[in-house]
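Here is the structure we will look at, set down as structure tokens.
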Amino acid sequence: MQKVVIFGNGVFAEHIYYLLTHDAQHDVAGFTVDAAYIRADTLFGLPVVPFENVESRFSPAEHRMSVAVSFQRINRLREEKYRQAKAKGYELINYVSSRASVFQDPLCGDNSYILENAVIGPYVRIGSNVVVASGAIIGHHVELKDHSFISPGAVVLGGSTVEEFCLIGANATIKEETVVARECLVGSGVSITRNTTERGVYLSPPPQLYPKRSDELQTWLMWPVRSRH
């Protein structure tokens, strides 16, 4: 089994730890974060060591690394630690859930994740440091470029391209043959039907608070009951 060090000690890192130990042939040896962010010396009984000198504890010759950082700073933090880990000599692993539906190997980079119940169509290309979260659907001939994050339930339809550093929110939809330009943020539930603008922010209108309380709508919310006679 491959020995792996996980960069991170937040909830996303905990998620990746669970997946690597329950659904992949990896032996997690420990965790690492910048010294200023170490909250405890151990996590799940494994050592948490400063990233500044991680190679002295976990040699890159014997360990690989997984940079398990979410979409902070529109993926810039994950990209910074990705590059720093590679500069230290670590090989970065990919993870594809056994519960994902993948027609062929879409990974052409490293430190990318395809999580459970994601669907990856044929002729898809996924670059480095990309996260395809649970339940996302990536259609045929799609390209997801480096350092992007596709949130749970998002749909990227056939022939589309998601450029570098994009964040696609939960349940968002990208129409066929659409280009999401570099560093875009597409909010939850948004439908993108045409090419976007670089660094664009696309959000749905916020929901409005209805003037009545939920208990005042009980009669209106009742399903009609059919007579049994």
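The values are calculated or read from the model by the stated rules, or taken from the named source; none is laboratory data. Remember, predicted model here, so these are calculated numbers, not experimental data. Don't worry about glycine lacking a Cβ; one is built from the backbone with ideal geometry, like all the others, and counts go over all protein chains shown.
Brief remarks on what is shown
- The residues of region 148-163 that are more than 16 Å from G189 (Cβ to Cβ) and either assigned to a loop (DSSP other than H, G, I, E, B) or not assigned by TED's automatic domain parsing to the domain that holds I137 (or both), listed by number, are S148, G158, G159, S160, E163.
- Among the residues of region 116-132, those that are touching a Phe, Trp or Tyr at 6+ places or on another chain (Cβ under 9 Å), free of Cβ contacts under 8 Å to residues at least 24 places away in the same chain and in a loop (DSSP other than H, G, I, E, B) comprise P122, Y123, V124, V130.
- Test for V156: is it more than 15 Å from I74 (Cβ to Cβ) and either in contact (Cβ under 8 Å) with a residue 60 or more places away in the chain or of a type in the set (A, V, I, L, M, F, W, C) (or both): yes
- When V67 is tested against (1) surrounded by fewer than 20 Cβ atoms within 10 Å (Cβ to Cβ); (2) modelled with pLDDT of 95 or more, exactly one condition is not met: (1).
- Residue check, S70 in a strand (DSSP E or B) and within 15 Å of the chain's Cα centre (by Cα): no
- Considering region 75-92, the residues that are acidic (D, E) and within 26 Å of I168 (Cα to Cα) include one that is surrounded by the fewest Cβ atoms within 10 Å (Cβ to Cβ), namely E80.
- Any chance A29 is outside the structural domain of S128 (by TED's automatic domain parsing), over 22 Å from T161 (Cα atoms), surrounded by 15 or more Cβ atoms within 10 Å (Cβ to Cβ) and touching a residue at least 40 places away in the same chain (Cβ under 8 Å): no
- If you go through region 126-182 and keep only what is among the hydrophobic types (A, V, I, L, M, F, W, C) and in contact with a His (Cβ under 8 Å, 6 or more places away or on another chain), you end up with V130, F165.
- Counted as qualifying within region 1-54 are the strands (runs of 3 or more DSSP E) with 2 or more residues that are small (G, A, S), namely 26-33.
- Search result, residues across region 1-53 that are among the acidic types (D, E) and within 14 Å of V67 (Cβ to Cβ): D34
- Look at region 94-115: where a residue is modelled with pLDDT under 95, no partner that is acidic (D, E) sits 6+ places away or on another chain with Cβ atoms under 9 Å.
- When E62 is tested against the conditions (1) touching a Ser or Thr at 6+ places or on another chain (Cβ under 6 Å); (2) in the same structural domain as D23 (by TED's automatic domain parsing), the lone failure is (1).
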